[in-house]
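Trainee: Pasting in a structure now, in structure tokens, and then I'll have a few things to ask.
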Amino acid sequence: MGGSHAASPTTPSPVGTFSLRKASFEEDPVKLTPVELENCKAALAVLQERLRVHDGVEHEYSALQAETITSSLLIDTEVMQCARDPANSKKNRYLDVLPFDDNRVLLQPESSNGEASDYINASYVYDSDRPDLPKYIATQGPLPATTEDFWAMVIQQRCQAIISLTREVERDRPKCAHYFPEAAGQAERYGHIVVATREVTYLQQGLIARRMIEVASTASASPPLVLPHYHYLDWPDHGVPASTSVIRGLLRHLRLSLPPSSPPIVIHCSAGIGRSGTFLTVDYTVRRALSGDLSAMDIAETVKKLRALRGGMVQTRDQYRFCYIAVREELEDLVAWGSG
């Protein structure tokens, strides 16, 4: 799998029937209440104090790795029985990245391939004590044989957005199957599900493609679902982006545009744990800081909780360090904007 060096930024050019509109997350207004501004200042002070400890983040990550049970060590236990069922094994992209039974997403079987099952390699990620925080579904990049299941899940859960943090192929290795039409005005069929791209907008110097997608099932009475699909094109597998700005811009955009109490947001990379876990750690930490929860600055505890919901979240030391940098830089920017 990929190394830890960030890929060079590339700007996709519009081809075919792409509907290209210039836009930028920087256009999203950032308006903090006086309370939120004070909360950010307090959180930043706590975080900076933690970062003053020499090699504190490095030691913290080492301790976290030592005390967290990895997904691979749980494979032979009873907590992943459904994922380990031989009938479902071909639906797992990686044999050592499996959902726990107690919070896996259950499909309503309606497959067109004659192999109806309620299994998909996807996990609910949420904080039951914080209904003000968004609910996510963390999942693997679809396989060719699971694209129909992926879209069935999106429809059945009435998901409000999809975030993809991977390319289809990275370093000549398949990371995610093709599962949506790239060009505006095009439609593709996956089993009994029709997926159409209505509009494509490139954001953040072309590093994020936002597609408005309509998805409909011919096998159910559910009405068609229209939702945004955000595709970040510059996050290397097992590595980190060269800058935190694009990811922070996307997270800020989601905070402003998607109500947290609505249906879940789907997030995936290739395995659904490294890049996805890093993204979720930063999102939850900043949201909790805005609400005045200073315990959010204990990022190790956040990662532990995420790993209890999907094993292996935040896979590398670089990704863990990236969480700290992204949170610090976002709090600094929020304080600067709020004070201005």
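Trainee: Say R0 is 41 Å: what FRET efficiency, to the nearest 0.05, do Ala87 and Lys31 get from their beta-carbon distance?
Mentor: Taking R0 as 41 Å, the efficiency between Ala87 and Lys31 is 0.20.
Trainee: Add +1 for every Lys or Arg and -1 for every Asp or Glu among the other residues with Cβ under 13 Å from the Cβ of Pro174, and state the total.
Mentor: +1
Trainee: What is the local net charge at Tyr284, summed over the other residues whose Cβ is closer than 9 Å to its Cβ (Lys, Arg +1; Asp, Glu -1)?
Mentor: +2
Trainee: Let me know the number of lysine pairs in the stretch 25-339 closer than 30 Å at the Cα, not counting same-chain pairs under 8 apart.
Mentor: Taking the Cα cut-off of 30 Å, the pair count is 19.
Trainee: Determine by what factor the alpha-carbon radius of gyration of the stretch 25-339 differs from 2.2 N^0.38 Å, reporting the quotient.
Mentor: 0.98
Trainee: Next question, about the same structure. Expected output is a single nm value to one decimal: the length gained when fully extending between Glu58 and Val194, i.e. 0.36 nm times separation in residues minus the C-alpha distance. What is it? If you can, show how the numbers build up before the last one.
Mentor: Numbers: separation 136, 0.36 × 136 = 48.96 nm, distance 4.68 nm.
Full-extension gain reported as 44.3 nm.
Trainee: Here's another thing I want to ask about it. Kindly provide the helix-only [θ] at 222 nm of the chain, computed as the sum of -39,500 (n - 2.57) over DSSP H runs of four or more divided by all residues, to the nearest 500 deg cm²/dmol?
Mentor: Mean residue ellipticity, 222 nm, calculated: -10000 deg cm²/dmol.
Trainee: Show me 146-154, 90-98 ranked by packing, highest mean number of other Cβ atoms within 10 Å first. Intermediate values should be presented prior to the final figure.
Mentor: Working: 146-154: 24.9, 90-98: 17.7.
Order by mean packing, descending: 146-154, 90-98.
Trainee: Please list 222-231, 205-214, 276-285 highest first by mean number of surrounding beta-carbon atoms within 10 Å per residue.
Mentor: By packing density, highest mean first, the sequence is 276-285, 205-214, 222-231.
Trainee: Modelling each spin label as a point 7 Å along the Cα-to-Cβ direction, I'd like the Ala242/Ala45 distance in nm, to one decimal.
Mentor: Roughly 3.7 nm, to one decimal.
Trainee: Next question. Under a point spin-label approximation (7 Å from Cα along Cα-to-Cβ), what is the Gln186-Tyr94 distance to one decimal in nm?
Mentor: 2.9 nm
Trainee: So how much slack lies between Glu329 and Ser257, counting 0.36 nm per residue of separation and subtracting their Cα-Cα distance, in nm?
Mentor: 23.8 nm
Trainee: So for the chain, averaging the separation of alpha carbon pairs under 8 Å that are six or more residues apart and normalising by length, what relative contact order in percent results?
Mentor: 27 percent
Trainee: Can you compute the modelled spin-label distance between Thr218 and Gln205, with each label point 7 Å from Cα toward Cβ, in nm?
Mentor: So the two model labels end up 4.4 nm from each other.
Trainee: So what J values fall out for the stretch 299-313 if you push phi through Karplus, 6.51 cos²θ - 1.76 cosθ + 1.60 with θ = phi - 60°, rounded to Hz, Gly and Pro as x?
Mentor: Here the 3J(HN,Hα) series is 5, 4, 5, 4, 5, 4, 5, 5, 5, 6, 9, 8, x, x, 4 Hz.
Trainee: Count the net charge of all other residues whose Cβ sits under 13 Å from the Cβ of Glu58, scoring Lys and Arg as +1 and Asp and Glu as -1.
Mentor: On the way: positive: Arg50, Arg317, Arg321; negative: Asp55, Glu60, Asp318.
Summing Lys/Arg as +1 and Asp/Glu as -1 gives 0.
Trainee: Relative contact order of the stretch 178-248, please, whole-number percent, based on alpha carbon pairs below 8 angstrom and at least 6 residues apart.
Mentor: Value for the stretch 178-248: 22 percent.
Trainee: Name the shape class, rounded, prolate or oblate, that the alpha-carbon gyration tensor gives for the stretch 215-319, where a ≥ b ≥ c are the square roots of its eigenvalues, rounded holds for a/c under 1.5, and otherwise prolate holds if a/b is larger than b/c and oblate otherwise.
Mentor: Working: a/c = 1.70, a/b = 1.44, b/c = 1.17.
Prolate is the answer for the stretch 215-319, as a/c is 1.5 or above and a/b outweighs b/c.
Trainee: Just the Kirkwood number for the stretch 113-181, please: inverse of mean 1/r across all distinct Cα pairs, in Å, one decimal.
Mentor: Numbers: mean 1/r = 0.0729 Å⁻¹.
Kirkwood radius, the stretch 113-181: 13.7 Å.
Trainee: Using a 10 angstrom cutoff on alpha carbons, build the Gaussian network for the chain and name the most mobile of Leu47, Leu64, Leu233.
Mentor: Highest fluctuation of the listed residues: Leu64.
All of the numbers you see were taken from the coordinates with simple rules; none came from a lab. Everything quoted here is computed from the prediction, not taken from an experiment. All Cβ positions, glycine included, derive from the backbone under ideal geometry; neighbour counts span all protein chains shown.
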